[in-house]
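A.B. asks: Below is the structure I would like to discuss, written out as structure tokens.
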Amino acid sequence: MGMNMDMSGGDNSTMPPHHHPTTSSDHSHDHMMMMMPMTFYFGFKNVELLFSSLVINTAGEMAGAFVAVFLLAMFYEGLKIAREGLLRKSQVSIRYNSMPVPGPNGTILMETHKTVGQQMLSFPHLLQTVLHIIQVVISYFLMLIFMTYNGYLCIAVAAGAGTGYFLFSWKKAVVVDITEHCH
């Protein structure tokens, strides 16, 4: 491991080894900037979590952050499944289309497809839009948390997403093609 050196000559022994201090563009020694780590590490000192004012410095704070990130990832997975369920419940304007498809021994079979839609100016579509925005923001938060390269937080994202999928996705409807046969 290399030594951490502070350009201003002061002691920076509280900085984790993955941070490298650099001075700002005006070369002021009063304002130090941290570079983002580019390798995975396990630590809980000076870990910024999404906002510069939200810094983890103790094992207890890391444990709390782990639980919060785990729950956020679980919520994200639940939100995805809930949105699918709401979409199925709010679908209107069902249309059936039949088309000929080749069958065995030169026969022609008719295959029917169901097409469903939603009205744009409706409460269900507005709700879907708001939930989609929330889902996108949470997904970017989880990505940025993972990009801290902190091993504890990365595990929290992965474990929370996996647990959320396990808990919520079993209710998900599975489409089975009844025209497909094993011979």
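A.B. asks: Does His19 meet the test of being assigned to a loop (DSSP other than H, G, I, E, B) and either open to solvent by less than 40 Å² (accessible area, probe 1.4 Å) or modelled with pLDDT of 90 or more (or both)?
C.D. replies: Here the answer is yes, as His19 does meet what is asked.
A.B. asks: Right, here's the next one. Do you know which of the residues in the range 43-54 that are over 21 Å from the mean Cα position of the chain (by Cα) and surrounded by 12 or more Cβ atoms within 10 Å (Cβ to Cβ) is nearest to Gly151 (Cα to Cα)?
C.D. replies: Checking each candidate, the answer is Gly43.
A.B. asks: Can you tell me how many residues within the range 86-122 are modelled with pLDDT under 65 and among the aliphatic types (A, V, I, L, M)?
C.D. replies: Summing the residues that are modelled with pLDDT under 65 and among the aliphatic types (A, V, I, L, M) in the range 86-122 gives 3.
A.B. asks: All but one of (1) closer than 20 Å to Phe66 by Cα; (2) modelled with pLDDT under 75 hold for Met143; which doesn't?
C.D. replies: (2)
The values are calculated or read from the model by the stated rules, or taken from the named source; none is laboratory data. Since the structure is predicted, the reported quantities are computational estimates derived from the model, not experimental observations. Methodologically, a virtual Cβ is constructed for each residue, glycine included, from the backbone with ideal geometry; neighbour enumeration extends over all protein chains shown. In case anyone asks, the SASA skips ligands and DNA or RNA and just uses the protein heavy atoms, side chains included. Shrake-Rupley method; radii C 1.70, N 1.55, O 1.52, S 1.80 Å.
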